[in-house]
Amino acid sequence: MKVLEIKEVHKIYNSSEVKVHAVNGISIDFEEGEFAAIVGPSGSGKTTLLNMIGGLDNPTEGKILVNNTDLSTLKSSDLIDFRMKNIGFVFQSYNLIPVLTAKENVEFIMNLQKRSKKERNERTMELLNAVGLGERAESRPAKLSGGQQQRVAVARALASKPKFILADEPTANLDSKSTETLLEIMEELNREEKITFIFSTHDNRVVKKARRVVTIEDGKVISDETR
Amino acid sequence: MNNIKLAWKNLWRNRRRTLITAASVFFAVFFALFFRSLQLGSYDHMYKNAIESYSGYLQIQQEDWWNDKTIDNSFRYTDSLNERILDDKNVTGTIPRFESFALASSGPNTKGVMVLGIDPEKEQRLSKVKDKKVKFLLTAKAVEKICEDENLPQKTRDMADKVEGNAYSTVDRFLSDLSLDPGRRDEFLPILESYAGFQNGAIQKGEPGAWIGSGLSDYMELDIGDTLVLISQGYHGTTAAGKYEVKGLIKQPTPELDNKVVYLPVDIARQLFNADGMLTSIALDLKNTDDKAIRETSIRLSKVIPGSTRMIDWREMNEIMIQQMEADNKSGMIMIGILYLVIAFGVFGTVLMMTAERKREFGVLVAIGMQKTKLASIISLEMLYIGLLGILGGMLVGAIGITIGVSNPIVFKGEMALIFEEYGMEPKLVFAGVGTYFLWQSFIVGLMVLISIVHPVRKILGLEVVNALRA
């Protein structure tokens, strides 16, 4: 079942003198449960594509459908709600809320979704245990290592039970050991919860783990390899 | 976690910034309240001084007297007129006065003076002249004795030199000027009294004798028992001349009056000016002195007083002072406005910085699903908390400070006091109690904070998530 359809998407940035074609007619689909990496050199359009998939940016042309919903048809506030329910984000620099504990960070989206306290507590602890941080639930981000923070970010992204998770260079700031741990956790969650993971990366360690690798260059897909 | 809790937690992630912003609001409120209290308190005090030391709240005068103060514009005072006035429900007493001007002379000194014919007993109801009689006078001889007395504290002996020539009608001011610790009052007051204590005589109806302002006595070099000669023009052009024994010195809080006033018993003053049975004014002792009561009393009495007289209230009698205070009030408000402006820019600067610093965080929150309106409300709450912390803190500390200030006015002593007196002011800063101005100042600062919220709210509502995430 397709969770994501990208149809002939273009993104053109108009700077003062030149037009930059960051994404140039990309069409790809992602099925439920995929563990895919979008790779390519810097400036190839990976992050732009990811932003558009996540509804953070609009394509200049083309359509992006998430679970058959065309993102361009949604109003700004509906799009935010849609993101909350369907898309999880993992950022390169974790971006946890510094004043909240790991538990509160994970709980945060469920709070926005107005879920019951019981459900929130159960799901939060389930996710924190899944990322190996059940015992650090009450720690604030500043007390966690980079790898631990990124694991909390993954747990947060999963909290709303999204259709897929977009992870933009999730391992860029992590050492080898933390990267390995994080990737193992994400693989396990992918297998167990059937959640689609889409990474943008140029980290070979991530690429090796991915079951599908989409290579982009100059805003175009130059290869799409399923392993 | 609800918005309120999250906003509160957010406040303390940059503790220093929060405290600096709250402190700027706190100081804005505190100083605005403090200075406003001082300003309003000083006005009240000056009004009270002017009213209680001279004019009273309401007077009956001959209709032309106020604009042309010649004794030809006096009116006949009768017992029946007095009774009609006293019949009014708001009048508790009448204070008859005969006021004119004369040239005073003593030895080689002369000075234009204000002659105030009073009934000393009745005057106690209003200007309380007897209470203003000089109790201590730091003559050169008294100062010498104080300086030589090794039993007295060194500070007191040092101060005595600086305040030589000063007269005091209150013990507190006397001791304060001599820097004497109030705790040692019982120990040293009798000694100081023996050196600088001053005995006054009485003036009473039918007996020639004068009380004069301490400033005037200093200028004229007059002491108790000396003779003061007064020369002037009497009623309907007659010659007025008389000599009077100085029976006492009066310390008027208003230096202008202190330097020129001569009190005579009212009947003696009438004799001097050949105006038997006449008065220039009757000041009224009122039960209720609020503006409405004064207005109503004036209207009622207008109907019972002779046609050649009229009612005049304290506002009309102190018109210039009121105008000066209104002008001063405006300049005070401008100063407070400038203070607000400085603080407003400080608060706004912090808000700008905070908004720029947290742009990425805003982007993340919107990206993961927080509605912009909800985010804006959290940030608004943060600013409101900071505002409330500052405003409530400022109000609380302001209220405590002002309450202390109300019961402990700032009294200047020594040279500082003399500087005040040179400008015709009593050397005293009085605070106005906590009143409606409290709410106004706090409201204005609160409004400033609310206006500063507009910026982050606009930024959040117009936030482009992709740009914010790159910040």
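Write out the GluC sites (Glu not before Pro) in region A:30-75 meeting two conditions: DSSP loop, and at most 16 other Cβ atoms within 10 Å of their Cβ. Passing both the DSSP loop test and the Cβ count: A:Glu32.
On the principal axes of its alpha carbon atoms, region B:1-144 extends 83, 54, 29 Å, with the longest extent given first. Given +1 at the Cβ of Lys and Arg, -1 at the Cβ of Asp and Glu and no other charges, the dipole of chain A around its Cα centre is 600 debye to the nearest 20. Inter-part distance, region A:189-227 to region B:19-88, computed on C-alpha centroids, equals 86 Å.
Centroid-to-centroid, using Cα positions, region A:16-48 and region B:129-172 are 93 Å apart. Taking Cα atoms only, the orientation of helix A:76-86 departs from the longest principal axis of chain A by about 60 degrees.
Ordering B:Ser302, B:Val266, B:Asn288 by Cα displacement along the dipole of region B:251-334 toward the positive end leaves B:Ser302 in first place; charges were set at the Cβ atoms of Lys, Arg (+1) and Asp, Glu (-1). Between 0 and 90 degrees, the angle of helix A:117-130 with respect to the longest Cα principal axis of chain A falls at about 80 degrees.
Close amide H contacts of A:Gln92 (hydrogens built in the peptide plane, cut-off under 5 Å, sequence separation of 5 or more or a different chain): A:Asp168. Here is the P(r) of region A:28-156: all C-alpha pair distances, binned every 10 Å from 0, give 11, 35, 34, 18, 1 in whole percents.
Put simply, the Cα atoms of region B:71-150 extend 61, 33, 15 Å along their principal axes, the longest span coming first. Counting Cα-Cα pairs of region A:75-135 in 10 Å increments starting at 0 gives whole-percent bin shares of 20, 49, 28, 3, 0.
Measuring r between the beta carbons of B:Gln323 and B:Glu52 and using R0 = 22 Å, the FRET efficiency lands at 0.60. Simple spin-label estimate for B:Val229 and A:Glu126 gives 11.4 nm between the two label positions (7 Å along the Cα-to-Cβ direction from each Cα).
Comparing A:Ala36, A:Ala167, A:Ala142 in a Gaussian network model of chain A (Cα springs below 10 Å), the most mobile by mean-square fluctuation is A:Ala142. If every alpha-carbon in chain B counts as one equal scatterer, what log10 I(q)/I(0) does Debye give at q = 0.07, 0.10 1/Å? Debye output, listed in q order: -0.55, -0.85. Looking at region B:135-242, the trypsin sites (Lys or Arg not before Pro) that sit in a DSSP loop and have at most 16 other Cβ atoms within 10 Å of their own Cβ are B:Lys205. Length gained on full extension, B:Thr403 to B:Leu86, computed as 0.36 nm times the residue gap minus the Cα-Cα distance: 110.3 nm. Working note: Debye formula, equal point scatterers on the alpha-carbon atoms of chain A, no solvent; log10 I(q)/I(0) at q = 0.13, 0.16 Å⁻¹ is -0.75, -1.11.
Between B:Trp12 and A:Glu17, the simple label model (points 7 Å from Cα in the Cβ direction) yields a spacing of 5.3 nm. Give the angle, between 0 and 90 degrees and rounded to the nearest 10, that separates the Cα long axis of helix A:102-112 from the longest principal axis of the Cα atoms of chain A. Once rounded, one gets 60 degrees. The residue list B:Gly398, B:Asn109, B:Thr92 was ranked by how far each Cα lies along the charge dipole of the protein assembly as shown toward its positive end, using unit charges on Cβ atoms, and B:Gly398 comes out on top. Our estimate of slack between B:Asn2 and B:Leu189, defined as 0.36 nm per intervening residue step minus the Cα-Cα distance, is 60.7 nm. Long hydrophobic helices in chain B, taken as whole DSSP H segments with a C-alpha length of 18 Å or more on their own axis and mean Kyte-Doolittle hydropathy at least -1.0: B:15-50, B:319-357, B:372-407, B:436-461. Listing B:Lys133, A:Lys7, B:Lys48 from fewest to most neighbouring C-beta atoms within 10 Å gives B:Lys48, A:Lys7, B:Lys133. Measuring spread by the Cα atoms of the protein assembly as shown yields a radius of gyration and Dmax of 42.7, 129 Å. Less than 5 angstrom separates the built amide H of B:Phe101 from those of B:Val115, all sequence-distant by 5 or more or on a different chain. For the pair B:Thr110 and A:Lys85, label points projected 7 Å from Cα toward Cβ lie 10.4 nm apart.
Just so you know, all these numbers are worked out from the coordinates, no wet-lab data involved. Since the structure is predicted, the reported quantities are computational estimates derived from the model, not experimental observations. Positions of Cβ are generated from backbone atoms using ideal geometry, with glycine treated the same way; all protein chains shown enter the neighbour counts.
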